[in-house]
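Below is one structure, written out as structure tokens; the observations come after it.
Coordinate-derived values only; no laboratory data. Nothing here was measured: the structure is a model prediction, and the numbers come from that model. Cβ coordinates were reconstructed from backbone atoms using ideal geometry, including for glycine residues, and neighbour counts include every protein chain displayed.
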Amino acid sequence: MMPKRDVIAAVATAPGRGGIGVIRISGPDLAPFVAALAGRNAPPRQAVLATFRDAQDKPIDQGLLLYFPGPASFTGEDVIELHGHGGPVVMQLLLSRCLDLGARLAEPGEFTRRAFENGKLDLAQAEAVADLIDASTASAARSAVRSLQGDFSREIHVLNDELIELRALTEATLDFPEEEIDFLEAANAFPRLDALSERLTAIFAKARQGKLLQGGLHVVLVGQPNVGKSSLLNALAGDELAIVTPIAGTTRDVVRGTLQIEGIPLHVVDTAGLRETEDQVEQIGIARTWKAVEEADVVLLLTDAQHGITAAENAILARLPAHAIRLTVENKVDLTGQPAGLVTDPTGRCVRLSAKTGAGIAELRQELLDIAGWHPQEDVFIARERHLRALDEARQHVQLARQQAQLLPPPLELFAEELRLAQHALNTITGEFTADDLLGEIFGRFCIGK
Ligand code: GDP
Ligand code: ZN
């Protein structure tokens, strides 16, 4: 039984000014809210034009009210959407009115959490809601929708059903120990376990691609002024959407931004912004840049092919995380006459190119995709690190089960236990057994109103 719920409300649209702003309300019985807000009853799932009034009956705004009685709603409870004019003051007044009527402010992700707890979405789907909103490329958005529609969860359910069947057969045999050896043969256990392992490996590979689409590749760009950092970023972005999330830097240049290569988000931090300063706002920006540097997957060291690496670059290189892959790029080969392309030398890999002519850019893009581990693939669903860990854990338990089954005589209790653990790991993905603190962690990362 779910505990009795209170009424939650939040502004569901992004902060700022817009043509329309939406307030979302969810709770067990919102009929009184409908009456108070619209001044009349509202038919289910039909837009009603209404004047929203405050407690003194003074109009706050005029807009649309939509009433979704539970359980046929996003959260599974009664849901109201108020579509008003999208100004921050109007939204605050409407929200205050909801709070006066007895609602409380929703916590981040609380609407989606209720949807999960009421069985409208499983956990992988709920996470996909956040990933869809956060998607930084069209490919990431498409794969998030696939997860949201249940593609990932369905793959997990197929494996889960197979595990349940094997477990049921095993449990039945445990009551008749004399049949143990025959059981494994009769149940076709070995081929089935092998098929399970294979399936898990395939899904893991796909989920890994999905995680790449979700998280992208974190690239740090190191290089002196005028070596061609801005030119390189533009050349890399090519005719794909250039910089989709520019974050205005403290210098003339964009210090951080996201571009994409074949749909993989490339989060680029330009260390040109890393300089000594007294300005406090600038210092905050610089601290953020350093934090991004510490999370780097790849360090792109950009040099002018006509010169070498300087002390300033070496100082930044010294602070880079050890796990980051270092890739040297020599720009402006059009001026030196060197051939463009990938060069492997004892100190590592290097791409020679010209941001100006475009020679060598394709090689750099391919090198970055290789570093990321990207294999072009259709129907990728979005996934996260915790999904990868769970899939890996499930695969290990299936393999352990197979090892138990090979012993003579096979210890069927241990065999069954491994299958149970494999199933448990899979269920953490869809959320059948998920600790409360993990749920808090997952939904806490949502924005308010989702
Ligand atoms: P940043 O300061 O590192 O961002 O460098 P910019 O991208 O602003 O480039 C500095 C100068 O170098 C500009 O005049 C560019 O046109 C020039 N430049 C950049 N890449 C190349 C290149 O590959 N070849 C040549 N010849 N000039 C380049
Ligand atoms: Zn620049």
Per residue, the convex hull volume that the Cα atoms of region 8-122 enclose (Å³): 93 Å³
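Within the chain, which complete DSSP H helices have Cα atoms spanning at least 24 Å along the helix axis and a mean Kyte-Doolittle hydropathy of -0.5 or higher? Display every interim value, and only then the final one.
Values: long enough: 151-174 (35 Å, -0.01); 189-215 (38 Å, -0.04); 385-406 (32 Å, -1.35); 412-430 (28 Å, 0.27).
What comes out of the filter, once short or polar helices are dropped, is 151-174, 189-215, 412-430.
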Amide H partners (placed H, <5 Å) of Arg326, local residues excluded: Val299
In the chain, lysine pairs closer than 22 Å at Cα, eight or more apart or cross-chain: 9
Lys/Arg +1, Asp/Glu -1 at C-beta; the chain dipole; positive extreme among Pro71, Ile261, His85: His85
Options Gly19, Leu317, Leu217, ranked by Cα towards positive dipole end of the chain, top entry (Cβ charges): Gly19
Relative contact order of the chain, defined on C-alpha pairs under 8 angstrom at six or more residues apart (%): 17 percent
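Which whole-number value in Å³ per residue fits the convex hull of the alpha carbons of region 330-439?
Details: hull volume 23.0 nm³, N = 110.
Given the Cα convex hull of region 330-439, per-residue volume reads 209 Å³.
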Spin-label pair Ile20/Leu101, simplified geometry with 7 Å Cα→Cβ offset, distance in nm: 1.9 nm
Expected-Rg normalisation [2.2 N^0.38 Å, Cα atoms] applied to the chain: 1.24
Taking only Cα atoms of region 188-232, radius of gyration then Dmax in Å: 20.8, 67
Mean-position separation - Cα centroids, region 406-441 and region 38-66, in angstrom: 50 Å
Estimated distance in nm for a label pair at His424 and Ile133, the labels positioned 7 Å out from Cα along Cα-to-Cβ: 3.3 nm
